[in-house]
Structure formats: structure tokens, C-alpha cells
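Reviewing the structure listed below.
The values are calculated or read from the model by the stated rules, or taken from the named source; none is laboratory data. This is a predicted model, so every value here is computed, not measured. Quick reminder, even Gly has a Cβ in these numbers, built from the backbone with ideal geometry, and neighbours come from all protein chains shown. Quick note on the areas: whole protein, heavy atoms, side chains included, nothing else; ligands and nucleic acids left out. Shrake-Rupley method; radii C 1.70, N 1.55, O 1.52, S 1.80 Å.
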Amino acid sequence: MDIRAGLQSGNKRAVARLITMMENNDPEAFNIIKENYVKTGNAKIIGITGPPGAGKSTVTDKLTKLLRQKGKKVGIVAVDPTSPFSGGAILGDRIRMNDLSTDEGVFIRSMGTRGALGGLSKAANGAVKILDIYGLDYIFIETVGVGQSEVDIIKLADTVVMVMVPGLGDDIQAIKAGIMEIGDVFAVNKSDRDGAERTATEINMMLDLNKQGKYRPSVVKVIASENNGIDKLLEQIENHIEFMNTSGEYLSRKRMSITTEIVEIFRDNIIHSLKELSEKTRVIEATVERVLTKEIDPYTAANEMYEILRKKEVGNSD
Amino acid sequence: MERPIRVLVAKPGLDGHDRGAKVVARALRDAGMEVIYTGLRQTPEQITESAIQEDVDCVAISILSGAHNHLFPKIVKLLREKDAGDILVIGGGVIPEDDIPGLIEAGVAAIFTPGTPTGITIDFIKENISRK
């Protein structure tokens with residue numbers, strides 16, 4: 001399969017294969033992304049996050065259908081947890097999106113977290129780039145069901161939609177740090193249930209305590225399964241995108257996310273080099289033994305390995 | 001390169017019995033595979049498109065409605081039309097012995113009838129996917 005040609009002509013099979021290659025750390029996939037990097041930046045990237053069972057997939061499905069009515073092309077990257085024991089996963093987000101499968105203007109990709117802890121997979125970032133190059137107008141990233149601290153989505157999305165449901169706890173939950181701080185738009189889903197009004201009020205009160213001058217996220221009550229309130233939700237998403245573009249917030253968020261991305265790639269490269277070196281020299285195993293016998297401490301050990309790696313890199317460039 | 005095998009588990013047709021499909025999905029997960037579970041009442045077109053977008057190695061289909069002689073060949077045909085004929089198609093469910101040769105003829109790689117230990121299905125997938 002010629003991935004490059006397929007990517008140019010918009011062949012879904014080629015796009016899908018490129019995502020797989022990238023997910024499996026195939027260097028060729030990164031070469032293709034590098035060649036096409038200038039084509040990224042056209043899609044609006046929207047994160048959909050919230051606790052398990054809140055209705056993230058259903059909200060994503062309904063938002064996508066509304067955007068399709070407006071003639072927009074949509075990508076969805078849906079992340080579900082990988083088993084820490086078997087490495088396997090059940091990726092079930094498509095269940096709520098079945099009618100979208102055959103829509104020419106929609107591309108859905110499911111991913112396992114594969115050990116990442118921040119609510120996304122490491123490859124989610126690359127998948128978004130590939131779908132952006134493929135030429136979609138909107139890309140949704142659906143995180144795993146989050147608890148309180150899985151906030152990696154802010155590094156990737158321009159706008160974060162926090163999907164909440166009534167009855168998850170008292171109002172102190174709303175003022176804790178963590179996921180409640182990252183929403184740009186709040187959707188209170190299943191709002192025909194008892195307590196929806198109270199949940200919306202509590203979120204609003206929390207948002208009123210935020211620093212003035214910053215963007216004030218809005219709270220939208222929806223019943224996603226009945227397609228109720230989805231138009232208002234999309235309106236608020238567009239509203240936030242508009243604010244980001246006019247206030248310069250977009251650029252400062254992008255600067256932050258690119259910084260994080262480069263640092264993460266840099267760190268991964270160093271770890272990769274160290275593992276490669278250790279496969280030949282067994283330096284990690286040898287150092288572990290020295291720490292075990294208290295000959296040195298872990299801090300000194302890490303410094304020593306860093307120095308070995310640095311000298312090796314300097315040696316290579318000579 | 002170490003990579004998880006990706007399998008689409010789908011349940012076409014109009015019956016609502018997905019217990020078998022869920023048991024198989026769980027077993028494949030425990031064998032380290034990434035299982036894309038698409039749920040009930042899938043059309044062959046939806047299954048084909050999902051298989052392509054998810055870039056799976058194998059499509060595992062459970063049919064209990066009796067429509068297997070129509071649905072299996074249709075899925076194989078659609079995958080081939082979409083240049084995805086290399087994806088392994090396997091099936092399970094209540095399939096009469098007499099129908100199995102015809103389905104194999106149509107391009108289904110194997111049929112696993114009720115009572116098949118999940119280990120046999122897992123080994124079959126590992127040994128027969130085209131991409132190693």
C-alpha cells in the first residue's frame with residue numbers, strides 16, 4: 001500500500017494504516033507526518049471529556065451529526081483504557097456512533113491508552129495530526145472516562161467540553177482542583193434527571209469564583225440521547241473558538257502545547273537511547289545492582305547514566 | 001515490531017443476543033488484543049467501513065439470526081471491493097454444519113460454533129492474520 005499517495009488522494013485505508021504505524025512507533029510514519037506537517041492547523045480540535053458513563057460518545061455522535069448537516073467533515077479519535085495486565089483493550093465508543101461509520105465525511109478511530117495515564121493515549125496527538133493533514137474541518141478527541149486528574153486533553157484540544165451528569169457528588173466536588181478547571185464549555189447531560197438544575201447551578205457558582213477577565217465557560221443542559229440542547233452546545237463551542245482566535249489565547253495555548261510536546265518527544269528519545277545503549281552494555285541492570293547494594297543512590301545513578309549517554313552522543317557527532 | 005492485534009467484533013442482523021460476542025471480545029482482550037466492539041444490529045456496510053477506519057487485522061462476526069448465508073458473503077465481498085480483502089474474516093454463532101463449506105467457499109476463514117473454547121479462536125487469529 002502506498003501510504004503517501006493514499007494520504008494525498010484521501011484514501012481512508014491509507015490514513016488508517018498510517019495511524020496504526022504511528023501508534024506502533026514505526027519511524028516511517030513519523031517521516032510521513034514530518035513531510036506533511038505544514039498542512040496541519042486547519043482543523044478545529046475539540047476535546048470531549050468527563051466521568052465514565054456521562055455520555056461522551058453520545059454527545060460526540062450528536063455534535064458530529066449537526067456538523068455534518070452544516071457540510072463539515074469530522075474526525076473522531078476515541079480513547080478507551082488498555083488493560084494493564086494483558087495489554088489488550090475493549091474499545092467500545094463506536095457503539096454510540098454506528099450511523100456515522102458509513103458517512104463519507106466522517107473518520108472514526110478507536111485507540112487504547114497503552115499505558116498512558118492522563119486520559120489519552122500517547123498516539124492520540126499523532127492521530128489528530130494525521131486526520132488534520134487528511135483534511136477534516138473538526139476533530140473530536142474523546143478521552144477515557146476521567147476521574148479527577150486526567151487533564152492531558154488540554155495539551156491537545158483548542159476547546160475542551162466537559163460532559164457532566166447530575167448526582168455525582170456534593171458541591172465541593174465542583175471546586176476541587178483538576179478536571180473541573182480545564183473545561184471551556186460544560187455540558188450537563190441527562191438533564192431530564194433529578195438534580196440537573198442543581199448540578200448546573202453548582203458548576204456556575206464554581207465558574208463565578210474564577211479569576212475575572214479570563215473566558216467565562218458556559219454551562220449548557222443537554223439530553224444527548226434525544227438530541228436535546230446539542231445545537232446550543234455547538235453554539236457555545238463555536239463561541240469559545242471565536243474567543244480563542246480574537247483574544248490571542250489560541251496562540252498562547254498552542255505555544256504551551258507545542259512546548260509540552262517537544263519536551264515529551266525529547267524525553268522519550270532520551271529514554272529510548274538509554275534503553276538501546278543498555279541492550280548492548282547492560283548499563284541499567286549494572287546500575288540497579290549498585291543501588292541495591294547501596295554503593296550509590298538512585299540520584300547519583302541517574303546522573304551517571306545521563307553523563308554516559310551525553311558522552312556517547314558527543315562521541316557520535318565527532 | 002511488537003504490536004497488538006486489532007480485531008473488530010461485530011454483531012450484524014436483527015437479533016439482540018450479543019452475549020457470545022461479548023464473551024469472545026473479553027477473551028481476545030485478555031489475550032492482549034485490541035478489540036473494537038461495535039455492538040448490535042450492524043449492517044455489512046457499517047462493518048466494512050469500521051474495519052477499514054480501525055485498520056483491523058481481523059473481523060469477527062457473530063450471527064444467531066439465521067441470516068449467515070447472506071451476511072457473511074456480503075461482508076467478504078464489500079471488504080474485497082474496498083481493497084481490504086486481506087482482512088481475516090471469521091464467524092461464530094448458531095451455524096448449521098451443512099452451511100459451513102459454502103461460507104468457507106465464500107471467503108470466510110473459519111466458523112466457530114457454540115462450545116468452541118476461546119483459546120482455539122485466539123490461536124486461529126494469531127496464526128492466520130496476513131500482517132505479522
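List of remarks:
- Residues (open to solvent by 30 Å² or more (accessible area, probe 1.4 Å) and either out of contact with any strand residue (DSSP E or B) (no Cβ under 6 Å at 6 or more places or on another chain) or in a helix (DSSP H, G or I) (or both)) located in the range A:59-86: A:Lys62, A:Lys65, A:Leu66, A:Arg68, A:Gln69, A:Lys70, A:Gly71, A:Lys73, A:Pro81, A:Pro84, A:Phe85, A:Ser86
- Members of the range A:127-150 that are open to solvent by 10 Å² or more (accessible area, probe 1.4 Å) and either within 9 Å of the chain's Cα centre (by Cα) or basic (Lys, Arg) (or both): A:Lys129
- B:Leu64 more than 10 Å from every other protein chain (Cβ to nearest Cβ) and under 24 Å from A:Met21 (Cα atoms): no
- Number of the condition not met by A:Arg114 [criteria: (1) assigned to a loop (DSSP other than H, G, I, E, B); (2) away from chain B (no Cβ under 11 Å)]: (2)
- Selection of the range A:15-50 for residues being open to solvent by less than 20 Å² (accessible area, probe 1.4 Å), at the interface with another protein chain (Cβ under 10 Å from one of its Cβ atoms) and touching a helix residue (DSSP H, G or I) at 6+ places or on another chain (Cβ under 7 Å) yields A:Val15, A:Ala16, A:Leu18, A:Ile19.
- Residue within the range A:214-222 that is at pLDDT 95 or above and open to solvent by 60 Å² or more (accessible area, probe 1.4 Å) present: yes
- None of A:Leu234, A:Leu274, A:Leu309, A:Leu292 is of a type outside the set (D, E, K, R) and farther than 30 Å from A:Asp152 by Cα except A:Leu292.
- Filter pass, B:Arg6 being facing chain A (nearest Cβ under 9 Å), open to solvent by less than 20 Å² (accessible area, probe 1.4 Å) and basic (Lys, Arg): yes
- Residue under evaluation A:Ala89, criteria (1) more than 14 Å from chain B (Cβ to nearest Cβ); (2) surrounded by 21 or more Cβ atoms within 10 Å (Cβ to Cβ); (3) at pLDDT 90 or above, criterion not met: (1)
- Residues (among the aliphatic types (A, V, I, L, M) and surrounded by fewer than 24 Cβ atoms within 10 Å (Cβ to Cβ)) located in the range A:107-126: A:Ala116, A:Leu117
- Selection of the range B:91-117 for residues being assigned to a helix (DSSP H, G or I) and surrounded by fewer than 17 Cβ atoms within 10 Å (Cβ to Cβ) yields B:Glu97, B:Asp98, B:Asp99, B:Ile100, B:Pro101, B:Gly102, B:Ile104, B:Glu105.
- Scanning the range B:38-48 for residues that are within 18 Å of B:Val76 (Cβ to Cβ) and either open to solvent by 20 Å² or more (accessible area, probe 1.4 Å) or more than 7 Å from every other protein chain (Cβ to nearest Cβ) (or both) yields B:Thr43, B:Pro44, B:Glu45, B:Gln46, B:Ile47, B:Thr48.
- The range B:15-37 - residue that is in contact with a Leu (Cβ under 9 Å, 6 or more places away or on another chain) and assigned to a loop (DSSP other than H, G, I, E, B) and, of those, surrounded by the fewest Cβ atoms within 10 Å (Cβ to Cβ): B:Gly16
- Listed by first and then second residue, the pairs linking a residue in the range A:230-246 that is open to solvent by 100 Å² or more (accessible area, probe 1.4 Å) to a residue that is not small (Gly, Ala, Ser), with Cβ atoms under 8 Å apart and 6 or more places separating them unless they lie on different chains, are A:Lys232/A:Val220; A:Lys232/A:Val222.
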